[in-house]
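Contents: one structure, followed by commentary.
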Amino acid sequence: YYTGHGSGETGWAPIMGVGYYQSLVQWSRGEYADANQTQDDYTRMQQYGLPVRSDDHGDSIAGASDLNAASDGITTSLSGRGVIAGRNDADFFRFFSGSGSFNLSATPSPDEPNLDLVMRLHNADGSVIASSNPAEQLAASLSGSLAAGEYYVSVDGVGKGDVLGTGYSDYGSLGNYSVSGVVADASGLQPPQA
């Protein structure tokens, strides 16, 4: 039973090992030093009836969900929630910003998270204009200044560093997360709510 490696928030161990001493404990497929069991945990669980979760948000700007937005006339507060349900799942959200400063964050569930996040900010064309994936943290955050307009933020599960040494792959980086932020008031830019 592998006891894991690393330390702090990104100290890692497999669920089917000894994860008592690590903060990040994930399903695995034997991607760690001296693994003698390389079964694909998710595939094995599906063989025994684990249902595949449906995707809750689109994987591109074309299928993006709108973030919840509330304006006080000066700033717009943004919020949203989702689940990274598979290795190829990336959730996209749309929002509008006025001209000015912004702060955005994506945070995994606070209760025993399995998810290490990368957050990317995209312009209206879908080009990445900023990205956050702190090496020693599971959450991600961005701040700076934006021109008035339409933007997208994407959230994805990632791995860290050397899989067979001190890191882990994105295989087990799944779970619940929340997105929150504040941008300059965008009430004049947003389309009417249906």
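Results, tabulated for the structure shown:
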item: Failed item in (1) touching a residue at least 60 places away in the same chain (Cβ under 8 Å); (2) not in a loop (DSSP other than H, G, I, E, B), with residue 173 passing the rest; result: (2)
item: All strands (runs of 3 or more DSSP E) inside the range 1-107 with 1 or more residues being open to solvent by 30 Å² or more (accessible area, probe 1.4 Å) and on the phi < 0 side of the Ramachandran plot; result: 24-26, 68-71, 75-84, 90-97
item: Selected residue (only one of 188, 161, 165 is modelled with pLDDT under 95, over 20 Å from the mean Cα position of the chain (by Cα), surrounded by fewer than 16 Cβ atoms within 10 Å (Cβ to Cβ) and over 26 Å from residue 70 (Cβ atoms)); result: 165
item: Which numbered condition residue 110 misses (of (1) part of a loop (DSSP other than H, G, I, E, B); (2) over 18 Å from residue 79 (Cβ atoms)); result: (2)
item: Neighbours by Cβ (under 7 Å, 6+ apart or cross-chain): first from the range 58-70, over 11 Å from residue 180 (Cβ atoms) and in contact (Cβ under 8 Å) with a residue 24 or more places away in the chain; second among the aliphatic types (A, V, I, L, M) and surrounded by 15 or more Cβ atoms within 10 Å (Cβ to Cβ); result: 58/64; 59/90; 69/78
item: Scope the range 108-139; condition more than 21 Å from residue 96 (Cβ to Cβ) and either without any contact (Cβ under 8 Å) to a residue 40 or more places away in the chain or open to solvent by 20 Å² or more (accessible area, probe 1.4 Å) (or both); matching residues; result: 109, 110, 111, 112, 113, 114, 133, 134, 135, 136, 137, 139
item: Matching residues, the range 161-194, being of a type outside the set (A, V, I, L, M) and in contact with a Phe, Trp or Tyr (Cβ under 6 Å, 6 or more places away or on another chain); result: 168, 172, 190
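The values are calculated or read from the model by the stated rules, or taken from the named source; none is laboratory data. If you're wondering where the values come from, they're calculated on a predicted model, not measured in any experiment. Positions of Cβ are backbone-derived with ideal geometry, glycine not excepted, and every protein chain shown enters the neighbour counts. The protein model used for the area step is the full one, side chains on, heavy atoms only, and it has no ligands, DNA or RNA in it. Shrake-Rupley method; radii C 1.70, N 1.55, O 1.52, S 1.80 Å.
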